[in-house]
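Only one structure is covered here, and it is reproduced in the block below.
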Amino acid sequence: MSKRGMSLAGSGSKIVALAGMGVAAGVLVAGIALPAVGGVGLGVISVKDELNLNPEDLKEPPLAERTTILDANGKQIAQFYEEYREVVPFDQIADIMKTAIISIEDYRFYQHGPIDIEGTIRALATNLHSGGVSQGGSSITQQYVKQVLLNQADSKKEQQKAIEASYARKLNELRYAMAIEKKYSKDQILEKYLNIAYFGASANGVEAAAKRFFGVKASELTLAQAATLAGAVQDPNATDPNRGKKFREALLHRRNIVLDRMAELGKISKADAAEAKAEKLGYKGTPLPGGCENSEYPYFCMYVRQDILRNRDFGKTPKARLEFLNRGGLTIKTTISPKMQAAADKAIKKRVSPTDYAMASEALVEPGTGQIKALASSRAYGNSKRKKEMSYNVVADAEHGGGTGFQAGSTFKMFTLVTALKEGMKVNDGLTAGAGFSSGYSGFKNCKGESVGDPSHTVTNDEGAPGFRTLQTGTWGSVNTFFMALEQRVGLCDVVKTAKSMGIKRSDGLDLVEVPVFTLGVNEMDPLTVANAFAVLGARGKYCEPMAISQITDRYGKVEKYKPKCRQAIDAEVADAAAHVLEGVFTKGTMRGVGGIGRDAAGKTGTTDSQSTAWFAGTTPDLAGAVSIGDPRGAVTHKLNGVTIGGRYYGSVFGATIPGPIWKDTMIAALKGTPKTSFEPINSSRFGGCGSGCAPKKKVESDDDDGRGNRDGNDIIVELGNEEAREQQGPQNGWEQGRERGREQGPEQGPDLGLEFGREQDLER
């Protein structure tokens, strides 16, 4: 007999002796079956070695589970996970699956203790004969322990330690197994193992694997499917069906081995095995659920994700917050309204195509709570450049996955109006607006006290509108030179402070640019920030942080509810007065050609220099929204002039051309069925505008098709001329102002309409 044969026989006698020593002997056997550490060949541990064979408690942190995101109605809209896993109880796993896994992994599972001495001896004999480790003898309990240790590892080094071929690792694993067998029943151990095991194709646990591989639940697995999954756990990377044909063939081979083993053990008949082996693999590769790219509301989904990752309330470190989201098994209820989201999506889709270079985006916010009700865009979320998809959050700021945003244009005039009202001006107070305004004029200081301005730049109005303007008429006409003069009067820094108090900050996270043209909206904004600022007026001066999450339920059923974070940003009566002025934008100003929404609403158009971008932002007491449109390739170089959008050609795009109608349609649909809430009347004794003897504001009782009620057409022009005349104590001046207003609005509404406005003024004269 060779020396090698003698060594094997000698080892075999030791094994037989150990086999009679029970569990402790089995521990040693497992040690013998491992290669020597730091040397060549096989190492042998004798019974005389001093070993700690006492059970040792194993820390079992909760398994990484998916986090589910729900809309305001409780319907799932997305899910996040580090490992795709759905933990299921024992009775929701098909019996054939349990039989298959036991047959191939540990057929004496219900007969032995923490280790299977018989199986270990068999593995040891094979390993000694082969001169290495070619067969494992680990029980399902031991495999569960190894998976727990692997899941606990925070680094690659710890992961390697959890699976290293060393005596120390194996002995520790067995000590833990002894404790596990004392702590749980066999059914419980099998349940835990099936929920923690990795099956390949990014599926962790039997429920996720059943859905990923075959599109069924674990409780619905057939014999062939169960055998496939049971075969996958031995080496899931080598049999990962998602990696291609070669790997699927390997998995099919493993499936058939499992079926043969089940027949050999008498768990199924040979005929059943043959029938199952005749089936195709049947791998479906069901797409992994979750992730914002698969969500019906991708931009809102991105916002929620970033809201958690950046908020220390959800973890002290970025890593802790990521684990909270991806591993926590949370159920997160959000504020998004499917009805309002659908309204925004439909309104945008009606006017802007997903493949247009111009991109429209809209955000809806609830005044008084800050709850985000919709985040919509004409562009789909994704990475396809051919389809013009966007890979960042085009509706929100950089902190929430957004980009640089677009210049907000004349929507920023609202902050100058509010500042003027704060500082004591009345709605009919005003000043003379010139045809041009040099931003280098003295009197503009930023909040550091530094003089700012560019003497070489002159601000003009598109058609030129010199003359006296009040807070009302200057706002309705969106007169640039008027607002430059008004900002100079109330103070640039004061306007900046007002904007900040109402939640304004740049989309890119940089400091606001504090220059004289601040009031003309030169800072880049995102729709959500602008919408939330206008919501302050709808909430009578109350600012609330944008809020996407209303409730979180952890894996144990503990519920944490989140309340709005609000503060009084501006005086309530100032907000009422500003809303009163901005209501006129729909009836006497830049939106009169579009009309209102059949209920109280205040808003402001915004068009940047040479139509680089266009906006509309507005609010009701119940809902606020902002719409932007621009070219994400670069708004300054790709202006909205001579463009085709939504299949229609536009010579120039203004705030009332596309954003205004989108906002109007969205609001009508989003608020359908919501009781009409009115703005608080202006305090006329403080701000003027109404007078002590004027009649109360007439309520609109129905939602007519165009939302204009009876304040449309020539009557508005006559009223405009008369109001100008009253404000300036002279009918002739009123005629001139009416004619100028016609010219001023003509470019947005069309030259014919502009001429008609002027003609009506002449007729009025």
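The values are calculated or read from the model by the stated rules, or taken from the named source; none is laboratory data. It should be emphasised that the depicted structure is a prediction, and the values quoted were computed from it without experimental measurement. Every residue, glycine among them, receives a Cβ derived from its backbone with ideal geometry; neighbour counts consider all protein chains shown. Quick note on the areas: whole protein, heavy atoms, side chains included, nothing else; ligands and nucleic acids left out. Shrake-Rupley method; radii C 1.70, N 1.55, O 1.52, S 1.80 Å.
Would you pull out the residues with amide H under 5 Å of Glu83's amide H, same chain only if 5 or more places away, H placed 1.01 Å from N?
none
Go through segment 656-670 residue by residue and turn each phi into a ³J(HN,Hα) via Karplus (6.51, -1.76, 1.60, θ = phi - 60°); whole Hz please, and just put x for glycine and proline.
Going residue by residue, I get 8, 7, 10, x, x, x, 4, 4, 4, 4, 4, 5, 4, 6, 5 Hz, with x marking Gly and Pro.
Considering only Cα-Cα distances, which of the following residue pairs are longer than 31 Å: Lys183/Lys245; Lys157/Lys280; Lys339/Lys563; Lys563/Lys664?
Cα-Cα > 31 Å for Lys183/Lys245; Lys157/Lys280; rest within.
Using per-residue counts of other Cβ atoms within 10 Å, averaged over each peptide, order 510-522, 673-685 from highest down. Each step should come with its number before you reach the end.
Working: 510-522: 20.2, 673-685: 14.2.
In decreasing order of mean packing, 510-522, 673-685 become 510-522, 673-685.
After finding the eigenvalues of the alpha carbon gyration tensor for segment 484-613, what semi-axes result from the square roots of 5 times each, listed largest first in whole Å? Intermediate values should be presented prior to the final figure.
Working: eigenvalues 179, 79, 50 Å².
Three semi-axes, in Å: 30, 20, 16.
With the radius of gyration and the Kirkwood radius both derived from the Cα set of segment 381-461, what is their ratio Rg to Rh?
Details: Rg = 19.3 Å, Rh = 16.9 Å.
Over the Cα atoms of segment 381-461, Rg/Rh equals 1.14.
Please check which bits of segment 354-384 a label hung off Asp313 would reach, taking the label as a point 7 Å along Cα-to-C-beta and the cut-off as backbone N under 15 Å.
369-372
Mind jotting down the distance between the C-alpha centroids of segment 470-528 and segment 541-563, whole Å?
What the calculation gives is 32 Å, centre to centre.
Pairs Lys542/Lys565; Lys156/Lys186; Lys316/Lys561: which exceed 22 Å Cα-Cα? Provide the component values of the computation, followed by the final result.
Details: Lys542/Lys565 10 Å; Lys156/Lys186 31 Å; Lys316/Lys561 20 Å.
Going by Cα-Cα distance, Lys156/Lys186 fall outside the 22 Å limit.
Check Gln371: other-chain or 5+ apart residues with amide H under 5 Å from its amide H, H built from backbone geometry?
Glu366, Met547
Which semi-axis lengths, in whole Å and largest first, follow from the square roots of five times the eigenvalues of the Cα gyration tensor of segment 627-676? Please list the in-between numbers first.
Numbers: eigenvalues 155, 26, 14 Å².
Largest first, segment 627-676 gives 28, 11, 8 Å.
So what J values fall out for segment 75-80 if you push phi through Karplus, 6.51 cos²θ - 1.76 cosθ + 1.60 with θ = phi - 60°, rounded to Hz, Gly and Pro as x?
Here the 3J(HN,Hα) series is 8, 5, 10, 5, 8, 10 Hz.
How large is ³J(HN,Hα) for each residue in segment 581-590, as worked out from phi by the Karplus curve 6.51 cos²θ - 1.76 cosθ + 1.60 (θ = phi - 60°), to whole Hz, x for Gly and Pro?
5, 6, 5, x, 4, 7, 10, 10, x, 5
Write down the accessible area per residue of segment 423-532 in Å², having rolled a 1.4 Å probe over the full set of protein chains. Present the calculation step by step, with values, prior to reporting the outcome.
Working: 4040 Å² over 110 residues.
Ligands and nucleic acids excluded, the result is 37 Å² per residue.
Just add up the charged neighbours of Ala94: K/R +1, D/E -1, any other residue whose Cβ is under 14 Å from the Cβ of Ala94. List each step's numbers first, then the result.
On the way: positive: Lys98, Lys211, Lys217, Lys267; negative: Asp91, Asp95, Glu191, Glu207, Glu220.
It works out to a net charge of -1.
Cα centroid distance between segment 313-341 and segment 359-425, in Å?
Rounded to whole Å, the Cα centres lie 22 Å apart.
Could you state the accessible area per residue of segment 150-293 in Å², with a 1.4 Å probe and every protein chain left in place?
Values: 6860 Å² over 144 residues.
Ligands and nucleic acids excluded, the figure is 48 Å² per residue.
Ignoring ligands, DNA and RNA, what percent of the accessible area of segment 143-256 is carbon or sulfur (1.4 Å)?
Numbers: 2210 of 4830 Å².
About 46 percent, which is the carbon plus sulfur part of the accessible surface.
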